[in-house]
Amino acid sequence: MIDGNANANVAVTGACGRMGGLIIENIVRNDDMRLSAAFDITNIGKDAGDMAHVGTLDIAVSDANDIKEVLARTNTDVLIDFTIAPATVANAPAAAECGVNLIIGTTGFTEQQRAVIDEAILKNNVAAVISPNYSVGVNVFFRILKEAARSLSGYDIEIIEAHHNQKKDAPSGTAMKAADVISETLGGKEYVYGRNGLAPRDKEIGIHAVRGGDIVGDHTVLFAGDGERIEIKHQAHSRQAFAGGAVKAAAWVYGAEPGIYTMDDILGF
Ligand SMILES: NC(=O)c1ccc[n+]([C@@H]2O[C@H](COP(=O)([O-])OP(=O)(O)OC[C@H]3O[C@@H](n4cnc5c(N)ncnc54)[C@H](O)[C@@H]3O)[C@@H](O)[C@H]2O)c1
């Protein structure tokens, strides 16, 4: 399903975050790659392995401001970025300028931020996978949504996503991708975010974000018609669904031709 390429030097930005730590754990467990560097804006100088609870690796967390110098010194092939949109807008172009391929998992980009990242990737002839969700299940979910939208085009469509109370962006990148998949299938739809006060429904896709506790990530798409409804739902039980996919994507992008790819390319959809 996913072809890997051996012996990649892989670095991680957001190394001390929820996703970064788990990605480091997955890299360490993978015989075909090694952790070359770890970047964050906190815990600088601490051991990245200790921070990820995988034992000391003798790789200190580097200041993200030194990213170019450290990527060059460590012969990094691929950078995996799960940080926050303004950080990725600085770190991804810096890596691309060093000839480093990219896995971008960060969500919440504005169109302008995304354009800056895309331009840097294309200008520097590197390969990058950019996906709001690296789980295999969610990417199958997108395909099912396309099929459902084709068959249920007259139905009212609502997207409800739920995440933990620390998530910064809303709605989730995955909810927005689900909306885009459906909208493209139906030839363009307006989006309405939540409803408040007088808010009669029209032909829009309604999008709703729930935040609470430690919910890893739920996405439900509701197709409601006269006398019936279908709910298509994906639930992530743990962040391993994303971290495992991101590290497999890193093995894939190591040997890829320059360009911008999605999980569809990696999964062969
Ligand atoms: N694509 C996917 O499959 C997927 C899955 C889960 C989360 N995400 C996204 O990944 C991102 C991170 O999620 P998280 O839960 O790990 O967040 P988090 O807040 O736990 O971790 C983010 C880390 O990035 C660090 N950081 C901030 N600015 C930085 C900079 N300039 N350079 C380097 N590091 C910097 C922070 O200090 C923190 O350690 C979010 O955008 C989230 O939506 C994507």
Rounded to 0.05, the calculated FRET efficiency for the beta carbons of R34 and V192 at R₀ = 41 Å is 0.30
Using the 10 angstrom Cβ neighbour count as an exposure proxy, how do H208, H53, H234, H164 rank, fewest first?
H53, H164, H208, H234
Tally the DSSP beta bridges in the stretch 136-235 and give the antiparallel ones as a percent, rounded to 5.
60 percent
Determine the shape class of the stretch 142-201: with a ≥ b ≥ c the square roots of the Cα gyration tensor eigenvalues, call it rounded for a/c under 1.5, and otherwise prolate if a/b is greater than b/c, oblate otherwise.
oblate
Could you work out the relative contact order of the stretch 136-235, using alpha carbon pairs under 8 angstrom and six or more residues apart, expressed as a whole percent?
40 percent
How do E119, E25 line up, fewest other C-beta atoms within 10 Å first?
E119, E25
At a Cα cut-off below 15 Å, give the aspartates and glutamates reachable from K168, other chains included and same-chain residues fewer than 8 away excluded.
D214
Please enumerate, by chain and number, the lysines with C-alpha under 21 Å from the C-alpha of K167, excluding those fewer than 8 residues away in the same chain.
K177, K233
Spelling it out for V126: with amide H atoms placed in the peptide plane at 1.01 Å from N, the residues 5 or more places away or on another chain with amide H under 5 Å from its amide H are G259
Cut-off 11 Å between beta-carbons: net charge of the residues surrounding V210, Lys and Arg +1, Asp and Glu -1:
0
Expected sort for 137-144, 184-191, 17-24 on mean C-beta neighbours within 10 Å, highest first, is 17-24, 137-144, 184-191
Based on DSSP, what percent of beta bridges with both residues in the chain are antiparallel, to the nearest 5?
35 percent
Prolate/oblate/rounded call for the stretch 136-235, Cα gyration tensor, a/c under 1.5 rounded
oblate
If Y193, Y134 are placed from fewest to most neighbouring beta carbons inside 10 Å, the sequence is Y193, Y134
Rounded Å value of the spacing that divides the Cα centres of the stretch 99-129 and the stretch 204-269:
19 Å
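The numbers here are math on the coordinates, done by the rules we state, and not lab data. Fair warning: this is a prediction, and the values are worked out from it, not measured in the lab. Cβ: placed from backbone, ideal geometry, glycine included. Neighbour counts: every protein chain shown.
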